[in-house]
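Worksheet: the structure to be examined is printed underneath.
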Number of protein chains: 2
Amino acid sequence: MKRLLIIGIGAGDPDHLTFQAAKAIAAADAFLLVDKGTAKSDLSRLRHDMIAAHGTPPYRIVEEDDPERDRTTPAYTAAVETWRSRRAEIYERFVRDELADGETGALLVWGDPGVYDSTLAALAEIDAEFEHEVIPGITSIAALTARHRVGLTRVGRPVHITTGRRLAAEGPTADDVLVMLDAHNSFAGAAPGHHIYWGAYLGTPDEILISGPVSEVADDIRAARADARARKGWIMDTYLLRRED
Amino acid sequence: MKRLLIIGIGAGDPDHLTFQAAKAIAAADAFLLVDKGTAKSDLSRLRHDMIAAHGTPPYRIVEEDDPERDRTTPAYTAAVETWRSRRAEIYERFVRDELADGETGALLVWGDPGVYDSTLAALAEIDAEFEHEVIPGITSIAALTARHRVGLTRVGRPVHITTGRRLAAEGPTADDVLVMLDAHNSFAGAAPGHHIYWGAYLGTPDEILISGPVSEVADDIRAARADARARKGWIMDTYLLRRED
């Protein structure tokens, strides 16, 4: 039987790696790295460094380009599903052609494989025989709240985790809302009365943290975001919106 | 200046520890361990083991009993706030009496310090001068979804994190609801049509995992929960409720 490890590697700080993840990296015979165009060099380098630090030679590294996703269509979910099927084909090729029976392959996933990541859903589509195991990772959510030294939750109260797209459409659905994947600064229009804890490139040397009432810091965040995105070519950010009592 | 590190140590598996957390443990001169009565021996042992594995001798360990919380009152939030103030006094004593200027103290927090944990809120109440830093940890949420090999989120959809108490009162507020702190098996009455992914003592040798339609597995979970709680004297569990399309 072939075995696949889906390893959460944390939000960007190499020290976010858990001992469990390091042991999983050490157990792998082959790694599949799938990277996006613009973020490729930074993100790929961090993964190569982790493999070099914790892998057990000899190991093989297979690199593939992330399939392009259609970002022009309004049918977001359908576009993601098409893209995911193309990723599934990449995973299937890796398991079929790059792993021998009895070997272990590894996929390194930013943050935690459970949070807005398509790897597990894509693996469910593939047609090869393999066992798999998931290694939890430090999410950008935990990295964000740690750096701001605030709780994600308050006593006995819920927190909603959602997307920028949904925040723009629905507004804040709870007093505490954690927003991911927001390319459009939706907080400004959707939650002017909230407090925001915003962070980008969490855990990396490029980390940016801004917090304050949305009405006061929205412009700062917008400017910091645009500037960083232009400079680096990509951005990963997230934020917590909190309605104070 | 005195320094305090609030260190997330993961959900129960010593290998959930991150390299960042291990370095933070190595940097501490003194540790404060506050433990609950019944869970004391198991949970305290795991923390002692982590300190022994990663601490830099000589270090000091201060152990305090967790203040009793009034579990009979219906005023849940008020009871938690009273209890938290008593914990704040313990932290204040630790910073004031156990740390010299220039020294570093550490608090080891299960899971992640941001998720339904009172340490940060209690520290905000204390009256001593100190710097503090928060180290993110593997949450029981990430441990749960990893062990069940499912995503916490689905494409473009929100997930709500809430308490058993709220689930019982409000029912599921989204198609995906992650429930913590549920002592009363609220899933059975609140979400009979959902799929449940349940886990207890995640990442430990006592781990129990059960999943399936709530209507089919509710009795199994109830029985497993009662049995484990009776046998060990305490339980930590969590679950994801998912409405399938």
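What is the helix-to-structure angle for A:214-232, meaning the angle in degrees between its Cα long axis and the longest Cα principal axis of chain A, kept from 0 to 90 and rounded to the nearest 10?
That helix lies at roughly 30 degrees to the long axis.
Could you pull the copy-to-copy label distances for A:Lys232, with points set 7 Å along Cα to Cβ, in nm to one decimal and sorted shortest first?
Result, one decimal in nm: 3.9.
Roughly how many Å² is the accessible area per residue of chain B, as a whole number, for a 1.4 Å probe?
Numbers: 10260 Å² over 245 residues.
Result: 42 Å² per residue.
Enter the buried accessible area of the B/A pair, total of both sides, probe 1.4 Å, in Å² rounded to the nearest 100.
Values: alone 12180 and 12190 Å², together 20530 Å².
Roughly 3800 Å².
Could you tell me what a quarter of the Cα convex hull surface of the protein assembly as shown works out to, in nm² with one decimal place?
22.9
Determine by what factor the alpha-carbon radius of gyration of the range A:165-245 differs from 2.2 N^0.38 Å, reporting the quotient.
Here the answer is 1.03, to two decimals.
Using the alpha carbon gyration tensor of the range A:3-138, what are the three equivalent-ellipsoid semi-axes (square root of 5 times each eigenvalue), largest first, in whole Å?
Numbers: eigenvalues 107, 65, 36 Å².
Ellipsoid half-lengths, sorted descending, are 23, 18, 13 Å.
On a 0 to 90° scale, report how tilted helix B:76-93 is relative to the longest principal axis of chain B, with both axes built from alpha carbons and the result rounded to the nearest 10.
Between helix and principal axis, roughly 20 degrees.
Could you tell me which of the pairs A:Lys23/A:Lys232; A:Lys2/A:Lys23; A:Lys36/A:Lys232 are separated by over 21 angstrom between their Cα atoms in the structure shown?
Too far apart for the 21 Å limit: A:Lys23/A:Lys232.
Which value at 222 nm does the protein assembly as shown reach when only helices count, each DSSP H run of 4 or more adding -39,500 (n - 2.57), with the total divided by all residues and rounded to the nearest 500 deg cm²/dmol? Let's see the in-between values first.
Values: 16 runs with 177 residues, N = 490.
Calculated at 222 nm, the ellipticity per residue is -11000 deg cm²/dmol.
On the accessible surface of the range B:70-178, probed at 1.4 Å, how many percent belong to carbon and sulfur atoms?
So the carbon and sulfur contribution to the accessible surface is 43 percent.
Determine the equivalent ellipsoid of the range A:129-178 by diagonalising the alpha-carbon gyration tensor, then write out the semi-axes as square roots of 5 times the eigenvalues, largest first, rounded to whole Å.
Those come to 26, 18, 11 Å.
At q = 0.11 Å⁻¹, what log₁₀ I(q)/I(0) does chain B have when each alpha carbon counts as one equal point scatterer in the Debye sum?
The Cα Debye sum returns log10 ratios of -0.62.
I need the inter-copy label distances for B:Thr73: point set 7 Å along Cα to C-beta, values in nm with one decimal, smallest first.
Here B:Thr73 shows inter-copy label distances of 5.6 nm.
Rounded to the nearest 20 Debye, what is the dipole magnitude of the protein assembly as shown about its Cα centre when Lys and Arg each give +1 and Asp and Glu each give -1 at the C-beta?
Working: 56 positive and 78 negative charges, 94 e Å.
Rounded to the nearest 20 debye, it is 460 debye.
Ranked highest first by the average count of other Cβ atoms within 10 Å around their residues, in what order do B:229-235, B:78-84, A:101-107, A:176-182 fall?
A:176-182, A:101-107, B:78-84, B:229-235
Enumerate the amide H contacts of A:Ala106 below 5 Å, restricted to partners 5 or more residues apart or on another chain; note that Pro and chain-start residues carry no placed amide H.
A:Leu5, A:Ala30, A:Phe31, A:Leu32
Mind checking the angle between helix A:40-54 and chain A's longest principal axis? C-alpha axes, 0 to 90 degrees, to the nearest 10.
On a 0 to 90 degree scale, this one is about 60.
The values are calculated or read from the model by the stated rules, or taken from the named source; none is laboratory data. The structure presented is a predicted model; accordingly, all values stated were derived computationally and were not measured. Reconstructed Cβ throughout: ideal geometry from the backbone, glycine too, with neighbour counts over all protein chains shown. Please note that ligands, DNA and RNA were not included when accessible areas were found on the heavy atoms of the full protein model with its side chains. Shrake-Rupley method; radii C 1.70, N 1.55, O 1.52, S 1.80 Å.
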